[in-house]
Ligand SMILES: Cc1ncc(COP(=O)(O)O)c(C=O)c1O
């Protein structure tokens, strides 16, 4: 059992994300293994959200523990400007080989927000370096790209960033494409591109996670990307959530045949062990920075950029992902989620259920909608009381299994969700 004085220190002195006045005491996790989080009072809670979408292989996976230990004994950190190391080289080589698209350079940073911040700065400076005045950014309504200022600006305006509205640069937001609006959207965009100089278009490919797991079609996104490319608008895929097989493929954009110009990665990149961001780009982007003119340099660098521990983990996690057994396991999870979604859609009228690869999302149809819906607390506490961590986005419940979930464990979560939905008034 934890000392209650320690818990007091947490409650009194540690500022956790999304803390509010009535925030209850935080659950104290002593250790975690596989799908389980262990609390100080002996509870075993199933982590059904991959630890805020970062964990891929399960907690404390032995291959990752050993990669981290080995690397810590060799080299824990070195300045990444003017210096390099083997884990950075290993991850870069394997990632560039694994993706179906022809990317050329990877810029490392610390998290998802910095990965997108770097991408946005790269796009703006790409035009600046050529003396061309392209200063506008295009994004989707409902977008979320992180909490730093550039990332917030690229995200939809909402209660989350309201205090900062005066400081956010202007962005043009377009609706998510659908069968109903795609032709009109493309035609409006074509008119806009012909008259306005957009630097780039940033998007969460195929699914907007934070907005409530809003899924849209690859074929529509591909047409928007192709139009952007026709007008030289740099396309930036924010794969912070979708990367590393969440959608069944290494990258969500690999469900298309057109490669965006820049890709942002984080969250699952280290298997959930350490923070790391990566911004991957095509050769032509980098070429605009390759100059004898020092003022064309990309002056962006974090102290922990290219951290060897994080990169050793990223390399170990990628090797695990590419193993035949992991690939089979991921496909099995995709099938189980799709079957369960079909079952729920048939059984219940008061939900909208959807899957994209390993991601299952269930929107509870209610007049109480959105992130601040009261259903959020009801759902969260219902499952937590059964030792399952499912943290809904308002009235949207989602299940994001780590790839170590067995068929029995998947079924256990599915049955729990089914019986919860059964109890809701229809
Ligand atoms: C699509 C997307 N981009 C960026 C971010 C920000 O990542 P981080 O929380 O690591 O800064 C998130 C976080 O949820 C995300 O879902």
Checklist entry - Quick check: is even one residue across segment 186-200 free of Cβ contacts under 8 Å to residues at least 60 places away in the same chain, within 21 Å of the chain's Cα centre (by Cα) and surrounded by 16 or more Cβ atoms within 10 Å (Cβ to Cβ)? => result no
Item to check | Top-ranked residue of segment 114-141 - restricted to ones that are without any contact (Cβ under 8 Å) to a residue 40 or more places away in the chain and touching a helix residue (DSSP H, G or I) at 6+ places or on another chain (Cβ under 9 Å), ranked as surrounded by the fewest Cβ atoms within 10 Å (Cβ to Cβ) | outcome: 128
Checklist entry - Do you know which residues across segment 1-51 are under 22 Å from the mean Cα position of the chain (by Cα), part of a loop (DSSP other than H, G, I, E, B) and surrounded by 12 or more Cβ atoms within 10 Å (Cβ to Cβ)? => result 35, 48, 49
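With 336, 384, 400 as the choices, which residue is touching a residue at least 12 places away in the same chain (Cβ under 8 Å), outside the structural domain of residue 251 (by TED's automatic domain parsing) and touching a strand residue (DSSP E or B) at 6+ places or on another chain (Cβ under 7 Å)?
Selected residue: 400, the only one of 336, 384, 400 that is touching a residue at least 12 places away in the same chain (Cβ under 8 Å), outside the structural domain of residue 251 (by TED's automatic domain parsing) and touching a strand residue (DSSP E or B) at 6+ places or on another chain (Cβ under 7 Å).
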Checklist entry - Given the structure, is residue 403 part of a helix (DSSP H, G or I) and more than 18 Å from residue 144 (Cβ to Cβ)? => result no
Checklist entry - Filter segment 98-112 for residues that are away from the ligand (no atom under 16 Å from the Cβ) and in a loop (DSSP other than H, G, I, E, B); which is surrounded by the fewest Cβ atoms within 10 Å (Cβ to Cβ)? => result 102
Next on the checklist: Can you tell me which of (1) out of contact with any helix residue (DSSP H, G or I) (no Cβ under 6 Å at 6 or more places or on another chain); (2) within 16 Å of the ligand (Cβ to nearest atom) is the one residue 54 doesn't meet?
Outcome noted: (1)
Checklist entry - Looking at residue 165, is it more than 16 Å from the ligand (Cβ to nearest atom), touching a helix residue (DSSP H, G or I) at 6+ places or on another chain (Cβ under 6 Å) and within 26 Å of residue 193 (Cα to Cα)? => result no
Item to check | Candidate set: segment 139-162, residues that are assigned to a helix (DSSP H, G or I) and within 15 Å of the ligand (Cβ to nearest atom); chosen: the one nearest to residue 224 (Cα to Cα) | outcome: 154
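Here is a yes/no grid of residues against (1) touching a strand residue (DSSP E or B) at 6+ places or on another chain (Cβ under 9 Å); (2) farther than 26 Å from residue 250 by Cα:
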{"site": "90", "(1), (2)": "no, no"}
{"site": "99", "(1), (2)": "yes, no"}
{"site": "109", "(1), (2)": "yes, no"}
{"site": "115", "(1), (2)": "yes, no"}
{"site": "124", "(1), (2)": "yes, yes"}
Checklist entry - Which one of 95, 80 is away from the ligand (no atom under 16 Å from the Cβ), in contact with a strand residue (DSSP E or B) (Cβ under 8 Å, 6 or more places away or on another chain) and in a helix (DSSP H, G or I)? => result 95
Checklist entry - Do we have residue 303 as in the same structural domain as residue 129 (by TED's automatic domain parsing), away from the ligand (no atom under 16 Å from the Cβ), exposed (fewer than 13 other Cβ atoms within 10 Å of the Cβ) and within 27 Å of residue 71 (Cβ to Cβ) here? => result yes
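Check segment 52-69 and report whether any residue there is within 26 Å of residue 148 (Cβ to Cβ), part of a helix (DSSP H, G or I) and touching a strand residue (DSSP E or B) at 6+ places or on another chain (Cβ under 7 Å). Let's see the steps before the verdict.
Just the residues of segment 52-69 that are within 26 Å of residue 148 (Cβ to Cβ), to begin with: 52-56.
Within this subset, residues satisfying the condition of being part of a helix (DSSP H, G or I) are 52-53.
Filter once more, so that each one left must be touching a strand residue (DSSP E or B) at 6+ places or on another chain (Cβ under 7 Å): none.
Looking through segment 52-69, none of the residues is within 26 Å of residue 148 (Cβ to Cβ), part of a helix (DSSP H, G or I) and touching a strand residue (DSSP E or B) at 6+ places or on another chain (Cβ under 7 Å).
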Checklist entry - Out of the residues in segment 355-374 that are in contact with a strand residue (DSSP E or B) (Cβ under 7 Å, 6 or more places away or on another chain) and surrounded by fewer than 21 Cβ atoms within 10 Å (Cβ to Cβ), which is nearest to residue 414 (Cα to Cα)? => result 365
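The values are calculated or read from the model by the stated rules, or taken from the named source; none is laboratory data. Bear in mind the structure is a predicted one, so any value in this text is a computation, not a measurement. Don't worry about glycine lacking a Cβ; one is built from the backbone with ideal geometry, like all the others, and counts go over all protein chains shown.
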